[in-house]
Each structure stands twice: as structure tokens, then as C-alpha cells.
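Everything below concerns the one structure shown next.
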Amino acid sequence: VIVVEAGLKVWPCALRLLHYLEGQVLPELMKNKVGGDSLLQVVELGAGTGVLGLGLAALGSVHVVITDPGVPVYFNAEDSEPGNTLGWLQANVDLNREVVSGRVEVEQLLWGEPTHMAQLQERHQPFELLVGSDLLYDPDQYLSLLDTLDALLGEDTVAVLGHTHRHDGERRFEAYAARRFHLEAIKFEATEDSPRSIFQIRRRGT
């Protein structure tokens, strides 16, 4: 029996990242947006409860596809049937229908899974912004996360990721990312519990 907790809580950096995106990133992207749909097309990676994507959609200027692997969730070892992180994610979207007004969709995305990435691209590309909060807690997932960014980042797409510092492995992710993309640290925040960073990733030459 596997008990999964990662997708069932609001991670520490989510609300601070939402505030940063609202104040700094979205205005700049909207200013540069030319023609077409007036809504920015956003994908949230590893959405968990979906608070980041839902918060962005509530601002009214974006359409968000919130994604999660859709792993089974047992609340305790006695559960005979698991829940599913996608099910809980969709439930949170449904509870906020009046606020997000159809500007949120839920999709399954296991990082690095070709079928999931292809379906996401077919249904929703082009993306203008990729976002993710506290995605670096498991170093074993770094290469899959980088492969996912590689698949979803277009020439005009920016990824903005925020994370709470937990271990030295996060530096390894940044080193890997810097070899494949243009990576820029754009905010560092010292907090009482632990420091947090926000950085953006683009394709090289863009």
C-alpha cells in the first residue's frame, strides 16, 4: 500500500509564487501579447491541490491547464479503494466554478511520459507560460521534469518555477537546466522557516 501525501496539500511556495506571477509576470506577458485569444495560455505542472492554477484563473486574464500524474491516494493502510490525485484536483476545480468561470481544465501529465505530453500538446498548445510550485523535492524526478519542459517550452514560452530550499539536490537541477535552457534566478526570499527561490526558464536564444 502506497500512501501519497504530495498532491494533497498546499506547498509553501505556491501562494508567494502566485503573488509574484500576478504582480510581475502576467502584466508583462499581457503587454506583449499580440492578437488572437485575449487569455494567456498557461500550464501548471505538478498541480497537487491546484491552488496556483486556480488562483491564476481567478484573476480572469488566463486560461490554465492544471496537470498532475494522477497517482492513487490512500489516506490510510485500511482503505480498500484508493482515491486519485486527478479526482481531488477536479473536485477543487468544480468547487471553484463560479470563480474561475470555465478557465481551468484538468489533464493527466506524468513528467517525461510521451503519450501524456503529446496529448497535452495536441489539445492545448501553444502555451505562453508554464508554472510550477515546489517541484524539486524529489531529485529522482529531475530529468523527467527537464524532459517535460523541453517538450512544452515553445520559442515564445517562459517557465516560472518556485521552490522552497530543502536539500542540496536542488542545485543539481539548476545545473542540469542551465545546460539545456536559459535559466535566470529572478527572486530569492529568506523566510523564518526556509529560504525560497523563483527562477525562469526559456529556450536558448529567445
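Some points to look at:
- Residues of the range 93-111 that turn out to be farther than 13 Å from residue 67 by Cα and out of contact with any strand residue (DSSP E or B) (no Cβ under 6 Å at 6 or more places or on another chain), as a count: 9
- Meets criteria (hydroxyl-bearing (Ser, Thr, Tyr) and either closer than 25 Å to residue 32 by Cβ or more than 18 Å from the chain's Cα centre (by Cα) (or both)) for residue 144: no
- Of all residues in the range 179-206, those that are farther than 19 Å from residue 168 by Cα and modelled with pLDDT of 90 or more have Cβ atoms under 6 Å from Cβ atoms of residues that are assigned to a loop (DSSP other than H, G, I, E, B) and of a type in the set (Lys, Arg), 6 or more apart or on another chain, in 182/204.
- Filtered by the rule that a residue be at pLDDT 90 or above, open to solvent by 60 Å² or more (accessible area, probe 1.4 Å) and among the charged types (D, E, K, R), the range 1-56 gives 22, 28.
- Residue match in the range 87-98 (condition: outside any loop (DSSP other than H, G, I, E, B), free of Cβ contacts under 8 Å to residues at least 24 places away in the same chain and among the polar types (S, T, N, Q)): yes
- Among residues of the range 106-161, those that are on the phi > 0 side of the Ramachandran plot and open to solvent by less than 10 Å² (accessible area, probe 1.4 Å), counted: 1
- The set of residues in the range 139-198 being of a type in the set (D, E, K, R) and closer than 22 Å to residue 41 by Cα consists of 147, 150, 155, 156, 184.
The values are calculated or read from the model by the stated rules, or taken from the named source; none is laboratory data. From a predicted model like this one, the values you see are computed outputs, not experimental measurements. Cβ sites come from the backbone with ideal geometry, for glycine too, and all protein chains shown count toward neighbours. Heavy atoms of the whole protein, side chains included, go into the accessibility calculation; ligands, DNA and RNA do not. Shrake-Rupley method; radii C 1.70, N 1.55, O 1.52, S 1.80 Å.
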